[in-house]
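J.: Pasting in a structure now, in structure tokens, and then I'll have a few things to ask.
Derivation of every value follows stated rules applied to the coordinates shown; laboratory data play no part. As the structure is a computational prediction, the values presented were derived from the model and not from experiment. Cβ sites come from the backbone with ideal geometry, for glycine too, and all protein chains shown count toward neighbours.
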Amino acid sequence: MTPDEARRELGLGPQASPAQIKAAWRRLVSRWHPDRNPDPQAVRRIQRFNEALACLQAATEVNPGSDEAPASPPPSPPAETASDGPLQPSIEQTLVLTLEQAIFGDLQTLAGTLRPVCATCHGSGKAPGPPQACPRCKGRGHIHHVTWFVWGGFTETCPDCAGSGEFQPDCPACKGQGHAAERAWQLRVRLPAGLRSGDVLTVPTPGRESTDPPGEVQLHIQVQPHPLFTWDNDDVLHLDMPVDGFAWMAERWVDVPVPGGWQHMRLRRQHLHYRLRGQGVAARRGESRGELVIHITPVFPDEFTPEQDACFDQLCASLRAHPPAALADWHTRLQDIQPPAV
């Protein structure tokens with residue numbers, strides 16, 4: 001890594017002072033420390049920041065121009081205590097629910113695999129303790145080469161320690177990976193009623209069993225479309241339902257599907273829309289449920305059978321014998337009109 005690349009890595013300009021370099025390094029290391037940042041690249045970013053700091057320290061020693069002391073080398077991560085292990089990142093999962101599960105709640109078994117942060121190095125991949133002298137340059141930070149062609153030879157920055165003269169061995173527990181071996185986890189979760197797409201549930205884990213995930217699990221809720229009901233993400237459900245046209249005319253009772261079962265409902269000739277209270281979705285978790293709005297479409301046959309025609313003849317005859325008031329009044333007014341002369 002060149003000094004220009006190191007400054008870009010730390011987000012610095014070409015005129016940055018040693019104090020600014022040190023402050024930028026501290027800020028970035030704090031932001032990307034694996035104990036605080038669950039990003040899989042956090043360990044690699046820390047290594048890049050350390051490399052950039054070491055490179056700029058070496059450049060400051062070669063070209064002194066400031067009365068400030070160069071920044072100290074990156075500190076080792078604190079050793080783990082018996083009661084306080086490394087912070088584990090949250091596990092995120094997308095949980096797809098049916099409409100009924102979202103409305104009534106459900107008991108779900110979550111499962112997955114994870115690679116816990118190494119308890120020895122806290123995710124840094126380096127062995128705890130103070131740094132050692134670089135074995136390649138013996139702690140000098142540079143290597144002197146003797147050649148036959150250049151009087152006195154030449155000196156270059158040690159490529160292993162980037163000029164810092166120090167070396168931090170890999171963590172023996174995780175072999176420098178920063179995380180432990182992959183393992184499976186499983187957790188039983190009772191979901192509350194009234195969930196919606198876009199909700200995020202944070203589930204703390206007890207951590208008592210070997211199959212418990214560390215930290216917490218964040219569930220991103222997604223509700224599947226339903227084959228019968230539509231939902232506008234308020235507390236109202238809608239149902240488009242075809243019904244027997246003759247049953248609608250006769251105002252018969254019909255069975256209507258509702259979330260989780262059926263409900264008996266009487267049809268009315270004057271109505272095509274019906275509201276069933278308490279059969280929708282709760283406005284918020286823990287509140288009462290909204291309405292189910294039913295939009296019916298009376299359906300009649302395209303052609304009548306002879307039996308149906310005979311039934312209609314009987315209906316027409318009964319109307320002539322006992323006409324409704326509006327029809328009787330119409331016939332009375334027709335009698336006052338003389339037929340046209342032929």
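J.: Counting Lys +1, Arg +1, Asp -1, Glu -1, what net charge surrounds Val281 among other residues with beta carbon under 9 Å of its beta carbon? Don't skip to the answer; put the middle values down first.
T.: On the way: positive: Arg196, Arg289; negative: Asp234, Asp235.
Once positives and negatives cancel, what remains is 0.
J.: What does region 217-342 give for Rg and for Dmax, in Å, if only its C-alpha atoms count?
T.: 23.3, 92
J.: Highest mean first, what order results for 48-57, 304-313 on Cβ atoms within 10 Å?
T.: Details: 48-57: 22.8, 304-313: 10.5.
Highest to lowest by the protection proxy: 48-57, 304-313.
J.: Taking amide H positions as placed in the peptide plane 1.01 Å from N, state which residues far from Leu191 in sequence (5 or more) or on other chains have amide H under 5 Å from it.
T.: Asp106, Leu107, Gln108
J.: Figure the gain on full extension for Arg27 and Arg190 (residue separation times 0.36 nm, minus the Cα-Cα span) and round it to one decimal in nm.
T.: Details: separation 163, 0.36 × 163 = 58.68 nm, distance 4.03 nm.
Computed gain between Arg27 and Arg190 is 54.7 nm.
J.: List the residues whose amide H sits under 5 Å from the amide H of Gly112, counting only those 5 or more places along or on another chain, with H placed 1.01 Å from N in the peptide plane.
T.: Sorted by chain and number, the residues that satisfy this are Trp185.
J.: Using amide H atoms built in the peptide plane, which far-off residues or other-chain residues are under 5 Å from Cys174 H to H?
T.: none
J.: Still on this structure, I have one more. For region 17-24, in order, what is each residue's ³J(HN,Hα) by Karplus, 6.51 cos²θ - 1.76 cosθ + 1.60 with θ = phi - 60°, in whole Hz (x at glycine and Pro)?
T.: 7, x, 5, 5, 4, 5, 5, 5
J.: Classify region 229-299 from the C-alpha gyration tensor, please: rounded if a/c falls under 1.5, else prolate or oblate depending on whether a/b exceeds b/c.
T.: Values: a/c = 2.68, a/b = 2.28, b/c = 1.18.
Prolate.
J.: Residue by residue, what Karplus-based ³J(HN,Hα) values in Hz, rounded to whole numbers, does region 171-180 have, using 6.51, -1.76 and 1.60 with θ = phi - 60° and x for Gly and Pro?
T.: Here the 3J(HN,Hα) series is 5, x, 6, 10, 6, x, 7, x, 8, 7 Hz.
J.: Based only on other Cβ atoms within 10 Å, what is the fewest-to-most ordering of Trp253, Trp25?
T.: On the way: Trp253 10, Trp25 23.
By the 10 Å Cβ count, ascending: Trp253, Trp25.
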